[in-house]
């Protein structure tokens, strides 16, 4: 059968501008607005080695906070005790933006920012621990894009955090090296946890549920650093079926609701020991740039759009694939598996780099290998999705396990 349109796009945009789930915003009428001046002064006057303690309470801010000094710690009394609310924000975009090395943020919440909740732009040795970023009105397109957002950083630890309601990614680490995201929870974001164009990342012990897509490992074509070497393991990724409420035209807006773990154009990715269930489109999606809704983006000259060296093993699956997002994927499911059937646990768009083939096959080291006892659906993208087929045996192979990320402060 012929499936028109893109595998990932899959007609997933459903009145994006109107998406939301009802306003349940925090009442900040009694919040402490005077503390803003105190904290702004502490950030301006901060010296290397300072620890800025924020006591328990709800504090109201009308402008962004920023820090540009190395080796500073900001510490609250707990993510449900120290709450920085930006519901009345009129200046700046982020809640807190940091340009510094040796930065630690722990034990507080950032709520209802106009833009990103926490952005760490550059820097080495970054620790984000026990932090909650949330849009308390519920998920909505008008929410800020990113919850926890380290970008162009090196040696990054994100642990015991919570991200809720981001219109792009709840926990996003981009263009970074040596990354650990662990023991965190992402819920009601478009992308729960996203690793984008990173070199060396471990994502483990997390819960991703009620997002559009649970955990994403992406390479974007217009960024200078290509990503590779990511391990996604020991996570609970289930029921990521929230409608896609991302801004139209953004890459994440093309992720179909019901996506568990998604690999796009990334290499050296190992997915193992996860519990993946009840993601209505597919529990795992493997795709290339060619089947996305942003394939016309400008591309770096050395960008490789094909997912290669993908190793999937020892995961536990249940449910999923029963109600795929978009007319094309729904039609594909019905044609191949019947009205009451389901798409297989692993969905592959079918694109490979034919220039790398040897005697008509990909070299063993570049293959997509699925050792789990689940089926793989090849959507046949290169041929216009004309002949999608279950092609499980073509992916029955093994690869070497990837090495883990080591951070001196992550023990």
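Remind me, relative contact order of the chain in percent, using alpha carbon pairs under 8 angstrom and six or more residues apart?
That works out to 13 percent.
What translational D, rounded to a whole number of µm²/s, comes out for the range 85-137 from Stokes-Einstein when the hydrodynamic radius is the Kirkwood one over Cα pairs, at 25 °C and 0.890 mPa s?
Approximately 212 µm²/s, per Stokes-Einstein.
Out of all Cα-Cα pairs in the range 262-411, roughly what percent, to the nearest whole number, are more than 25 Å apart? The partial results should precede the final answer.
Details: 3527 of 11175 pairs.
Looking at the range 262-411, the distances longer than 25 Å represent 32 percent of pairs.
I need to check one value: relative contact order of the range 269-355, counting alpha carbon pairs closer than 8 Å and at least 6 residues apart, in percent.
44 percent
Among 381-393, 124-136, how do they line up from the highest to the lowest mean number of other beta-carbon atoms within 10 Å?
For the peptides 381-393, 124-136, the packing ranking is 124-136, 381-393.
Calculate the length of the line joining the C-alpha centroid of the range 124-174 to that of the range 186-254, in whole Å.
If we compute the Cα centre of each part, the gap is 12 Å.
Work out how much length residue 41 to residue 316 would gain on full extension: take 0.36 nm times their residue separation and subtract the Cα-Cα distance, in nm to one decimal.
Once the chain is fully extended between residue 41 and residue 316, it gains 93.9 nm.
Mind checking the angle between helix 35-45 and the chain's longest principal axis? C-alpha axes, 0 to 90 degrees, to the nearest 10.
80 degrees
Of the labelled options (i) 26.5; (ii) 19.1; (iii) 23.6, which one gives mean projected area of the Cα convex hull in nm² as computed for this structure?
This structure yields the entry labelled (ii).
Two decimals, Cα atoms only, Kirkwood Rh: what is Rg/Rh over the range 105-263?
Rounded to two decimals, Rg over Rh is 0.92.
Can you tell me the orientation of helix 327-337 relative to the chain, as the angle in degrees between its alpha-carbon axis and the longest Cα principal axis, to the nearest 10?
It is inclined by approximately 50 degrees.
Can you pull the semi-axes for the range 332-411, root of five times each eigenvalue of the Cα gyration tensor, sorted largest first, whole Å? Intermediate results must be reported in sequence, preceding the final value.
On the way: eigenvalues 169, 77, 27 Å².
Semi-axis lengths for the range 332-411 are 29, 20, 12 Å.
Each reported figure results from applying straightforward, stated rules to the coordinates on display, with no laboratory input. Everything numeric here is computed off the predicted structure, so don't read it as measured data. When we count neighbours, we look across all protein chains shown, and the Cβ atoms used for this are built from the backbone with ideal geometry, even at glycine.
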